[in-house]
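Structure, as structure tokens:
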Amino acid sequence: MSRSFCRIPVFIPQLGCRFACSYCNQAAITGITQAPPPEHIDRIVERHLSTLGADRQAEIAFFGGTFTALPVELQELYLQRAARYLQTDARITAIRFSTRPDGIDAAMLPVYKSYGVQTIELGAQSLHDDILEAVRRGHRRADVETASARILDAGLRLGLQMMIGLPGDSLSRSLETARRFIELGATETRIYPTLVMEKTLLAEQYRAGAYRPLTLEEAVDWCAELIPLFEAAGVRILRVGLHPSEDLVAGAGLVAGPFHPAFRALAESAIWGHIWRRADFGQQPAARPRLKLWVAPNQVNVANGHHGENKRYLETRFRKVSIYADPTLAGRQYRSALCS
Ligand code: SF4
């Protein structure tokens, strides 16, 4: 039986960044303003391990800044601290970090591997150069393509993160980015709807009327298109929507944009909404029959929809609708029965 898995996050907010991307205010997003000194890694990891059951596995994950742009000595100090747990605690199985696509030095990849790094995530955000330019990313699509090839050639797993709703973006352009991620060999992805955070250039553009964020409904609809695309290609989706830090939930730092603490559940519900609208439930035995549906146990809530909206839609077509859990079903499989 596989052991359940989690990540121990070590945030290094904007540390190592040479750029100020127009939307980025890591402190507002994470609620963390200072990177931990390397000696604090132990404290962070121990704190998580103290609540981690013996049957769990975990990966230490450096997030938030441009890990590879840190001085090499500091990168190695962080990695040495993390790597010690690979030797001493069977629950820690790997290390990962996120960085910029133009921050990958091929010569350093074997060094990262020697410390137990298994996955590198690139903040690609978009594969359209005009969008990258508009948000002052400071890298281009070609940098993502080169870095992706280097990471995979080194035998590492590749994560590609995308943002939707950046200036100049559209649903079709986001879908193009996702398709290219798949072609580039991404093993996993994260999808972040763009939020307008305080103290960013994007906030100034928003206030000047030069930028309109996606509405929550638009962002959910876009993700409902992107998620099945990645799933069909076998790309694991680690996150949809920003992690709701306490500050973000309280609205601190958030100026505008499609934030919702249960964003992924909204997108998953929307996917089920599409499925139910297209479904052919067979010959109707009565004018308004009762519909019984069975889905995988972890899909019951989202199949019903946010606040039951999918079920309400079905009840416009059927006298009564019931959605049950069936442990023999997986993913978005379902079976149905009509009764008079
Ligand atoms: S590279 Fe990443 S962390 Fe740095 S400013 Fe841009 S988005 Fe923020």
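The values are calculated or read from the model by the stated rules, or taken from the named source; none is laboratory data. Since the structure is predicted, the reported quantities are computational estimates derived from the model, not experimental observations. Backbone-built Cβ (ideal geometry, glycine too); neighbour counts: all protein chains shown. Side chains are part of the model used for accessible areas, which takes the heavy atoms of the whole protein and leaves out ligands, DNA and RNA. Shrake-Rupley method; radii C 1.70, N 1.55, O 1.52, S 1.80 Å.
In the context of the full protein assembly, residue 170 retains an accessible surface of approximately 40 Å², using a probe radius of 1.4 Å and ignoring ligands and nucleic acids.
Computed from Cα atoms, the angle from the helix 263-278 axis to the main principal axis of the chain rounds to 30 degrees.
Per residue, the convex hull around the alpha carbon atoms of the stretch 180-250 comes to 119 Å³.
Taking a straight line from the alpha carbon of residue 292, these lysines sit under 20 Å away, with near neighbours fewer than eight places off in the same chain left out: 311, 320.
Say a site is exposed when it is one of the GluC sites (Glu not before Pro), sits in a DSSP loop, and has at most 15 other Cβ atoms within 10 Å; what is then the longest site-free stretch of the chain?
On the way: sites that count: 198, 315.
Formally, the longest exposed-site-free interval is 1-197.
Its relative contact order, with pairs defined as Cα atoms under 8 Å and 6+ residues apart, puts the stretch 5-261 at 19 percent. Counted over the stretch 269-339 with a bin width of 5 Å, the fraction of Cα pairs per bin, in whole percents, is 4, 18, 30, 28, 15, 5, 0. Dividing the mean sequence gap of close Cα pairs (under 8 Å, 6+ apart) by how many residues the stretch 269-339 holds gives a relative contact order of 47 percent.
Whose amide H sits under 5 Å from the amide H of residue 124, counting only residues 5 or more places off or on another chain, with H placed in the peptide plane? For residue 124, whose amide H was placed from the backbone, the distant partners under 5 Å are 161.
Once the 1.4 Å probe is applied to the protein heavy atoms, the chain comes out at 46 Å² accessible per residue.
Here the chain exposes an accessible surface that is 50 percent carbon and sulfur, computed with a 1.4 Å probe and the other protein chains kept in place. Here the ratio of the Cα radius of gyration of the chain to 2.2 N^0.38 Å is 1.09.
In debye, nearest 20: dipole of the chain around its Cα centre with unit charges on the Cβ of K, R (+) and D, E (-)?
So the dipole magnitude of the chain works out to roughly 1220 debye.
GNM remark for the chain: springs join alpha carbons under 10 Å apart, and the peak mean-square fluctuation among 19, 263, 11 falls on 19.
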